[in-house]
Amino acid sequence: MILVTGGSGFIGSALIRELINSELDDVVNIDTLTYAGNKENLESIKDNKGYFFEQVNICDRVALDDIFSTYKPSCVINLAAESHVDRSIDDPGVFIDTNIFGTYTLLEASRLYLNNIQADYRSFFKFIHVSTDEVFGDLEKTKSYFTEDSPYKPSSPYSASKASSDHLVRAWHRTYGFPSIVTNCSNNYGPFQFPEKLIPTIILNAIEGEIIPVYGNGEQVRDWLYVEDHVKALYLVATRGKLGETYNIGGWNEIKNIDVVKTVCKILDEKIIEKPNNITSFSELISFVKDRPGHDQRYAIDATKIKKNLSWKPEETFETGIRKTVEWYLLNRGWCNRLNTNDRERVSHRERKTIKTLN
């Protein structure tokens with residue numbers, strides 16, 4: 001049994017679908033179902049006899065203790081996190097609660113459980129903590145890559161809270177011998193991603209004829225990782241990873257944000273003949289907006305270690321993955337429309353007020 005926290009979110013639901021559909025293991029999903037957690041993400045496997053759901057916050061120690069006692073997992077994969085930089089700037093306290101205190105609470109519940117189970121089972125237990133490349137800061141002035149040994153230099157409340165959670169996991173390993181592994185991934189994209197993120201924002205705003213907001217000049221560089229490649233890597237780490245180690249998971253796809261936007265617009269131009277608002281190309285909707293505070297210029301992951309030690313590499317190129325992603329959103333407009341879009345509309349309204357055309 002694998003316990004997945006945040007399993008109704010974007011990456012968590014992709015992981016659970018992979019585990020259940022590939023018959024890799026039974027899963028108990030812990031999710032508090034905040035705005036980004038959606039039970040519909042797991043509609044396809046909800047009736048599988050190997051899938052269990054518990055609506056629980058990872059800050060709730062009593063509930064966690066009960067879940068560990070009931071399900072007796074052999075592995076925890078921690079994906080429960082507040083993850084949007086803009087939201088962390090507006091309300092950092094929520095990120096401190098979930099990403100730091102929540103990780104601490106989950107670690108302690110796991111440690112108590114581990115101390116109380118039989119030694120034969122204890123040796124199989126692993127705690128996989130899923131983190132981000134944003135903890136390493138900015139690579140703007142260098143052509144190098146983030147490695148597992150890169151120093152932490154977080155720039156936002158979000159990345160600082162994730163850095164803190166990484167340090168907690170490593171401290172528990174060092175002090176208590178807790179059987180943990182940390183992973184740091186690059187920017188994920190793919191089906192079921194909440195609309196506030198860059199790629200779904202591009203797609204959904206475009207097909208609605210709304211502006212496509214691009215921060216600053218759009219020259220920020222990110223390494224893009226297709227979500228299904230990421231979750232396959234996580235399963236390898238959970239089953240073959242070495243305790244106490246860190247594994248960087250990247251897509252080997254460094255692309256400027258503005259080029260991501262233009263690529264999506266080009267695919268949409270091919271797919272949609274009758275375009276909104278009398279435009280001839282979706283690229284006409286691109287609008288540059290005021291840059292976010294502390295915006296990092298470049299992230300880039302060196303995923304050599306996981307490739308060498310666990311024989312993992314991404315199956316999707318950005319070209320194949322982004323086309324699959326655009327097609328999924330076009331075929332699943334109902335899923336998008338059923339989401340609670342109040343927060344997305346608030347962000348879009350703020351961006352409209354700060355539009356700056358860079359001519």
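Can we say Leu139 is in a helix (DSSP H, G or I) and either surrounded by 17 or more Cβ atoms within 10 Å (Cβ to Cβ) or at pLDDT below 95 (or both)?
no
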Subject >> Residues located in segment 60-91, provided they are more than 23 Å from Gln193 (Cβ to Cβ) and either acidic (Asp, Glu) or in a helix (DSSP H, G or I) (or both) >> reply: Asp60, Arg61, Val62, Ala63, Leu64, Asp65, Asp66, Ile67, Phe68, Ser69, Thr70, Tyr71
Original post:
Only one of (1) surrounded by fewer than 17 Cβ atoms within 10 Å (Cβ to Cβ); (2) touching a Gly at 6+ places or on another chain (Cβ under 8 Å) fails for Tyr226. Which number is that?
Top reply: (1)
Original post:
Does Glu196 satisfy the criteria of being assigned to a loop (DSSP other than H, G, I, E, B) and closer than 27 Å to Trp335 by Cα?
Top reply: yes
**OP:** Tell me which of these Phe10 doesn't satisfy, since it passes every other one: (1) among the hydrophobic types (A, V, I, L, M, F, W, C); (2) surrounded by 16 or more Cβ atoms within 10 Å (Cβ to Cβ); (3) over 18 Å from Val231 (Cα atoms); (4) out of contact with any helix residue (DSSP H, G or I) (no Cβ under 6 Å at 6 or more places or on another chain).
**Re:** (3)
Original post:
What residue, among those in segment 149-160 that are touching a residue at least 12 places away in the same chain (Cβ under 8 Å) and surrounded by fewer than 17 Cβ atoms within 10 Å (Cβ to Cβ), is farthest from the chain's Cα centre (by Cα)?
Top reply: Pro151
**OP:** Kindly list the number of the only condition in (1) part of a helix (DSSP H, G or I); (2) closer than 19 Å to Asp229 by Cβ that fails for Glu40.
**Re:** (2)
**OP:** Determine which member of the set Leu204, Leu234 is surrounded by fewer than 22 Cβ atoms within 10 Å (Cβ to Cβ) and on the phi < 0 side of the Ramachandran plot.
**Re:** Leu204
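I'd like the full set of residues that are part of a helix (DSSP H, G or I), in contact (Cβ under 8 Å) with a residue 12 or more places away in the chain and surrounded by 14 or more Cβ atoms within 10 Å (Cβ to Cβ), limited to segment 274-303.
Residues of segment 274-303 part of a helix (DSSP H, G or I): 276-278, 282-285.
Right, trim to in contact (Cβ under 8 Å) with a residue 12 or more places away in the chain and you get 276-277, 282-283, 285.
Within segment 274-303, Phe282, Ser283, Leu285 qualify.
The values are calculated or read from the model by the stated rules, or taken from the named source; none is laboratory data. Just so it is clear, the structure is predicted and the values come from calculations on it, not from any experiment. Glycine also receives a Cβ, built like all others from the backbone with ideal geometry; neighbour counts cover every protein chain displayed.
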